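The values are calculated or read from the model by the stated rules, or taken from the named source; none is laboratory data. Just so it is clear, the structure is predicted and the values come from calculations on it, not from any experiment. Positions of Cβ are backbone-derived with ideal geometry, glycine not excepted, and every protein chain shown enters the neighbour counts.
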Amino acid sequence: MTENTQPPASGPHSTPADLPTQYTPADVEGKLYERWVDRGWFRADAKSDKEPYTVVIPPPNVTGSLHVGHAFEHTLIDALTRRKRMQGYETLWQPGMDHAGIATQNVVERELAKEGLSRHDLGREAFVERVWRWKDESGGQISGQMRRLGDGVDWDRERFTMDEGLSQAVQTIFKRLYDDGLIYRAERIINWCPRCLTALSDIEVEYQEDEGELVSIRYGDGEDSLVVATTRAETMLGDTAVAVHPDDARYRHLVGRRIALPLTDRTIPVVADAHVDPEFGTGAVKVTPAHDPNDFEIGRRHDLPQITVMDERAVITVHGPFLGLDRLEARSAVVAALRAEGRIVAEKRPYTHSVGHCSRCKTTIEPRVSLQWWVKVGPLAKAAGDAVRDGQVTIHPKEMTSRYFDWVDNLHDWCISRQLWWGHRIPVWYGPDGEVRCVGADEEPPTGEGWHQDTDVLDTWFSSALWPFSTLGWPEQTESVEKFYPNSVLVTGYDILFFWVARMMMFGLYAMDGTPPFHTIVLHGMVRDQFGKKMSKSFGNSVDPLVWMDAYGSDAVRFTLARGANPGVDVPVGEDWVQASRNFANKVWNATRFALLNGATVTGPLPDAAELGPADRWILSRLNAVVAEVDGYFEDYQFAKLSDALFHFAWDEVFDWYVELSKTTFAAGGRAAEVSRRVFGEVLDVTLRLLHPLMPFVTEEMWTSLTGGESVVVTDWPTDSGFRDRAAEDELAAVRKLVTEVRRFRADQGLQPGQRVPATLDLSGTGLEAHEEAMRALLRLQAPGESFEATATLPVGGATVALDLHGVIDFEAERRRLTKDLATAEKELAQTTAKLGNEAFLAKAPDHVVDKIRGRRAAAEADIARIGTQLAQLP
RNA sequence: GGGUGCAUAGCUCAGUGGUAGAGCGCCGCCCUUACAAGGCGGAUGUCGGCGGUUCGAACCCGUCUGCACCCACCA
């Protein structure tokens, strides 16, 4: 406990009277955040003796501003790191951003388009300069949002994937992989975006069901003919074979022969290939090795030529009537030409099939044969899989593990070259005599006549795969690498499990001699709207977190997001829920304000258990249980349960019953009040510390006001003292139950909540005698006056309340209520009696269950007796 | 086609064998001295359908229906 030797002048509100009755986030958030940063509390010291705790930010793209999904992710990471910092770890919450190659290039190209310019008008150098300007602007916005959220990151360590140091890391790992034969250059068919004009990796292609048209075309003439079906008629110009299944009797006579390819002067062979499904269509497939990945493979197996008929913009390049048409124009033109020749044997029919689209611009992918750089993933993926298989790395929730294996165990080589301008240039130089030289970060590139660097850049995920150590200064063997690698935990969305997580695993294990980049992977869900719908700008349900933060405060936004964070599942959020969280923040504020107004204190040791009243023992028992519960949830990344447990403990128990009971104690004064004031201070102190990782601002403001301490940020995380008092918990449960029952009676009688009623309260034999005064206050019971005459006598839980309700009692309402209660109790009695008469149940059920049922039966019997008495007393 | 989940109150979701829960919403009363961003009280469910296991099933097993997502393929 904090010992105060000085007056708490450092607290923002040195007298409780300064405190407004409502929490205004805007008044405190900015001020507190700047103070935290200025004091250096978020800085991580590599020289520290403390045990490290490291989490990297999943670097946001510098394409604009953060959306509510980022706010969610940051809330989780910030909560984890704030707790660990309080626990005394040397905590690094690593900030930074991703250059996001193709995404950012597209954004800037769109900006240019508004000025009627293309990147080619600017030229490579000027364009890249322009993107850097964009990056500065967007990066500023993003860090501003992170400050608003309260992210406790080490700003001194902020990194960008295209920083000098990180670029060296990229070059170093490229060189090493190249020298190890794990990077190579090869001509293959790749996913090509004809709008972005670049190759894409397999996972950058999104497949969706598109409506196409299937046309059937006769190839060849007379007996040497067959019919193929296609959705892409225009590619027939590049056909170099027709394939049939080897066992297909219909076409056996044609295999090995050459047939005429319509609209051309070429003949093409009929080949037998097991890839063909004889059941589909006509069982004969046109083969275009240059424009279809499956056909490319068939072509390789049968040594077929590749005839490229489209350029990089998917415009037809073969001479003749189709030259210069784009693929869609060409498709109908080709069909029309075929029809004119009587080649169309079945008309177009609608056909829904899955078509690949560029994940960045949604343009339909055009498979294309080209020379690209590849990572040979075999050994890297094997290691990445094994690290999870052998338990070095665990994935939360574990259901995601199979998805991970599914991917790393079936991975194709990774195409890493992009025909873009924004990104890390491939560190390979080509010489005048066909030399190829890969240059490491510590080498000088060749300068002689005729040497030039590869013009392509790397896939943006190549550099983000290095993030857990490139941010720490690698390839330099820095103190930070030593201290903060591997990271403690990775928190990110399940949507980038393959893009990012698996690649960090591959590169981390490879670069760091088999040490995985982190030991725990926590995958969170996607933020959705309050109806569970995916957020999207076009649907109009996406939310700018700043708007909510402005309206309700950062704590409210954070708490709402944390409260929805069940492991691995999507998180719905609605403005109503943010309001509810704002109300909670306000409650925290006012409860602390109440404590201050009533002289709650954190000074001096906690009184001995013998001195504590029952309410004090109850709340301290619960407090310690909640500390343990919250710790368990934190260690298990159960943010929703943790938030809910704190919400209910704080609001229902501390801010409600304990506050109400304290009013009586405080009013009574004396030693009991003094003891209670100290306990109250303790309970609030601990509760605020527990809430701080989720709601940093309001807790900081109130904790410093309450304790006079410097900051909750650098205060110890609470520990469970082990204090438990079941008897006190039961006692207070009885008090709560009794009060609730009488309140219900009052409400049924139509009494206004504040209306005072003359009454006697007989608690003899209940063991609750000590609470009489508090209960009288809670129930608004007046001392019975001289003319007291009970009109209603209420036996509740062994106690008796006699009320003088002259003029207000509603006997009919009471009779209805009692009759209803009687029916409920009788039903309960019947159920429990039946159960206890069941021998099989008695024989097999565990004791505690049987006891519980017995208790319920006894309670039902008592209720029936009590209600009977009450009914009999009604006039 | 392969895989992983999900189906519980009006909405969004907790609840892995022992009396169905939360938040929001809804109904009634109240500015009761920390808080109306509040307080008190209340209503609301054949736990998707059908079978099975069990003394006992929202929970375990089978099956059906509907939905979501991931992967592969689609001439």
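Assorted remarks:
- Among (1) touching a residue at least 60 places away in the same chain (Cβ under 8 Å); (2) in contact with a His (Cβ under 8 Å, 6 or more places away or on another chain) - the single one A:Leu763 does not satisfy: (1)
- Residue that is farthest from A:Met702 (Cα to Cα) [pool: residues in the stretch A:595-611 that are in a loop (DSSP other than H, G, I, E, B) and not hydrophobic (A, V, I, L, M, F, W, C)]: A:Asp608
- Whenever a residue of the stretch A:650-670 is closer than 23 Å to A:Arg689 by Cβ, its partners that are charged (D, E, K, R) and more than 8 Å from RNA strand B (Cβ to nearest atom), lying with C-beta atoms within less than 7 angstrom and at least six residues away or across chains, give the pairs A:Glu653/A:Arg622; A:Trp657/A:Arg736.
- Screening A:Ala825, A:Ala843 for residues that are in a helix (DSSP H, G or I), more than 18 Å from A:Thr740 (Cα to Cα) and within 16 Å of RNA strand B (Cβ to nearest atom) leaves exactly one candidate, A:Ala843.
- Only one entry of A:Ala645, A:Ala640 meets the criterion of being within 15 Å of RNA strand B (Cβ to nearest atom), within 25 Å of A:Leu76 (Cβ to Cβ), in contact with a strand residue (DSSP E or B) (Cβ under 9 Å, 6 or more places away or on another chain) and in a helix (DSSP H, G or I), and that entry is A:Ala640.
- Per the conditions (1) under 47 Å from the mean Cα position of the chain (by Cα); (2) without any contact (Cβ under 8 Å) to a residue 40 or more places away in the chain; (3) surrounded by fewer than 15 Cβ atoms within 10 Å (Cβ to Cβ), the sole criterion not satisfied by A:Arg726 is (2).
- Counting the residues of the stretch A:403-418 that are hydrophobic (A, V, I, L, M, F, W, C) and in a loop (DSSP other than H, G, I, E, B) gives 2.
- Number of positions in the stretch A:511-540 that are more than 18 Å from A:Leu76 (Cβ to Cβ), surrounded by 15 or more Cβ atoms within 10 Å (Cβ to Cβ) and either under 18 Å from the mean Cα position of the chain (by Cα) or at pLDDT below 90 (or both): 1
- Residue match in the stretch A:809-822 (condition: assigned to a loop (DSSP other than H, G, I, E, B) and either of a type in the set (Phe, Trp, Tyr) or within 16 Å of RNA strand B (Cβ to nearest atom) (or both)): yes
- Within the stretch A:383-430, the residues that satisfy the criterion of being of a type outside the set (A, V, I, L, M, F, W, C), surrounded by 19 or more Cβ atoms within 10 Å (Cβ to Cβ) and over 15 Å from A:Ile203 (Cα atoms) are A:Gly385, A:His396, A:Gly423, A:His424, A:Pro427.
- Of the helices (runs of 4 or more DSSP H) lying entirely inside the stretch A:496-591, the ones with 1 or more residues being more than 10 Å from RNA strand B (Cβ to nearest atom) and in contact with a Leu (Cβ under 6 Å, 6 or more places away or on another chain) are found at A:503-511, A:554-563.
- Inclusion of A:Arg339 among residues that are under 20 Å from A:Leu214 (Cβ atoms), free of Cβ contacts under 8 Å to residues at least 24 places away in the same chain and surrounded by fewer than 18 Cβ atoms within 10 Å (Cβ to Cβ) is warranted.
- Residue within the stretch A:466-474 that is surrounded by fewer than 22 Cβ atoms within 10 Å (Cβ to Cβ) and either among the charged types (D, E, K, R) or not in a loop (DSSP other than H, G, I, E, B) (or both) present: no
- Test: residue in the stretch A:618-625 that is at pLDDT 95 or above, among the β-branched types (Val, Ile, Thr) and part of a helix (DSSP H, G or I): yes
- Among (1) surrounded by 15 or more Cβ atoms within 10 Å (Cβ to Cβ); (2) free of Cβ contacts under 8 Å to residues at least 12 places away in the same chain, the one test that A:Met146 misses: (2)
Condition check ((1) of a type outside the set (Phe, Trp, Tyr); (2) within 16 Å of RNA strand B (Cβ to nearest atom); (3) under 25 Å from the mean Cα position of the chain (by Cα)) across all residues:
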position: A:Ile395; (1), (2), (3): yes, yes, yes
position: A:Leu411; (1), (2), (3): yes, yes, no
position: A:Trp421; (1), (2), (3): no, no, no
position: A:Pro427; (1), (2), (3): yes, no, no
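- Residue within the stretch A:680-696 that is touching a residue at least 60 places away in the same chain (Cβ under 8 Å), over 23 Å from A:Arg82 (Cα atoms) and not polar (S, T, N, Q) present: yes
- Residue within the stretch A:245-264 that is within 30 Å of A:Cys196 (Cα to Cα), out of contact with any strand residue (DSSP E or B) (no Cβ under 7 Å at 6 or more places or on another chain) and away from RNA strand B (no atom under 16 Å from the Cβ) present: no
- Scanning the stretch A:565-578 for residues that are touching a residue at least 60 places away in the same chain (Cβ under 8 Å) and crowded, with 21+ Cβ neighbours inside 10 Å gives A:Ala565, A:Val571, A:Val573.
- Residue within the stretch A:593-610 that is modelled with pLDDT of 90 or more, away from RNA strand B (no atom under 13 Å from the Cβ), buried (at least 22 other Cβ atoms within 10 Å of the Cβ) and over 24 Å from A:Met535 (Cβ atoms) present: yes
- Set side by side, the residues A:Leu706, A:Leu732 differ, and just one is surrounded by 23 or more Cβ atoms within 10 Å (Cβ to Cβ), touching a residue at least 40 places away in the same chain (Cβ under 8 Å) and over 30 Å from A:Val37 (Cβ atoms), which is A:Leu732.
- Subset of the stretch A:299-314 [among the aliphatic types (A, V, I, L, M) and touching a Leu at 6+ places or on another chain (Cβ under 7 Å)]: A:Val309
- Selected residue (criterion: nearest to RNA strand B (Cβ to nearest atom)) from residues of the stretch A:265-290 that are over 47 Å from the mean Cα position of the chain (by Cα) and among the charged types (D, E, K, R): A:Arg266
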